[in-house]
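Have a look at the structure below, then the notes.
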Ligand code: SAH
Ligand code: MG
């Protein structure tokens, strides 16, 4: 991965350990032709890893987030960051996301979509080479992301899911549940795992 982008990703605020970010980048490099899409931009950390791959491949990354934070980012919750509160007292990660992408030089590669994932999906019709699910971790949010976006992954394309924990003691269930749904559907097969990242490929059967 481009050295400059790698350092930018490492210092960016967010929830993407380096080994998982690099695995994400590698997976995006080897996906079929076509655009990439992620749900869960936050402050742009994963978008730099995926944007690096998109740039090398001459494609774009659609990065979806309403930028109001998930449950765990709200004031008083475990992952709240007071630096990410706007003048109106609400969580707003878009200014930091935008600056991060600008400073990384990825403005011509990353397309920010500031809206909730199911709303964006409502009119979506573009086949996707690569989808990364890293949005809300409630069961309803994870199910909606899976149902909204998995159907748009082309044959041979990638569905990557973050925060998948086999052991409930290690973390919340919803990402694991949708990972199982993907595998059990018979339409996706696991190709690699790094930390809590699972990389699946659409096999076209099922
Ligand atoms: N990928 C990021 C981390 C994402 S954190 C990184 O590399 O650091 C999860 C993000 O999902 C939060 O920013 C939150 O605002 C967003 N999110 C949660 N539910 C969402 C929904 N329904 N639609 C769009 N974004 C959502
Ligand atoms: Mg995550």
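For every residue, the table says whether it meets (1) away from ligand 1 (no atom under 16 Å from the Cβ); (2) closer than 22 Å to residue 49 by Cβ; (3) over 14 Å from the mean Cα position of the chain (by Cα).
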site: 118; (1), (2), (3): no, no, yes
site: 152; (1), (2), (3): no, yes, yes
site: 156; (1), (2), (3): yes, yes, yes
site: 161; (1), (2), (3): no, yes, no
site: 168; (1), (2), (3): yes, no, yes
site: 171; (1), (2), (3): no, yes, yes
site: 192; (1), (2), (3): yes, yes, yes
site: 199; (1), (2), (3): no, yes, no
site: 202; (1), (2), (3): yes, yes, yes
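Collect the residues in segment 16-50 that are within 14 Å of ligand 2 (Cβ to nearest atom), surrounded by 16 or more Cβ atoms within 10 Å (Cβ to Cβ) and not in a helix (DSSP H, G or I), keeping them in residue-number order. If the condition is that a residue be within 14 Å of ligand 2 (Cβ to nearest atom), surrounded by 16 or more Cβ atoms within 10 Å (Cβ to Cβ) and not in a helix (DSSP H, G or I), then 16, 38, 39, 40, 41, 42, 43, 44 are the ones that fit. Residue-level check: of (1) without any contact (Cβ under 8 Å) to a residue 60 or more places away in the chain; (2) touching a helix residue (DSSP H, G or I) at 6+ places or on another chain (Cβ under 8 Å); (3) surrounded by fewer than 21 Cβ atoms within 10 Å (Cβ to Cβ), residue 178 misses just (3). Filtered by the rule that a residue be in contact with a strand residue (DSSP E or B) (Cβ under 6 Å, 6 or more places away or on another chain) and within 16 Å of ligand 2 (Cβ to nearest atom), segment 156-172 gives 159, 160, 161, 162, 164.
Within segment 128-146, the set of residues being part of a helix (DSSP H, G or I) and either touching a strand residue (DSSP E or B) at 6+ places or on another chain (Cβ under 8 Å) or free of Cβ contacts under 8 Å to residues at least 60 places away in the same chain (or both) comprises 139, 140, 142, 143, 144, 145, 146. Residues that are touching a strand residue (DSSP E or B) at 6+ places or on another chain (Cβ under 9 Å) and assigned to a loop (DSSP other than H, G, I, E, B) within segment 54-69 comprise 59, 60, 65, 67, 68, 69, listed in sequence order. Considering segment 95-111, the residues that are within 14 Å of ligand 1 (Cβ to nearest atom) and surrounded by fewer than 19 Cβ atoms within 10 Å (Cβ to Cβ) include one that is nearest to residue 49 (Cα to Cα), namely 98.
Each value in this text was obtained by applying a stated rule to the coordinates, not by laboratory testing. Computed from a predicted model, the values in this text were never measured in an experiment. Note that we place each Cβ from the backbone using ideal geometry, even for glycine, and neighbour counts take in every protein chain shown.
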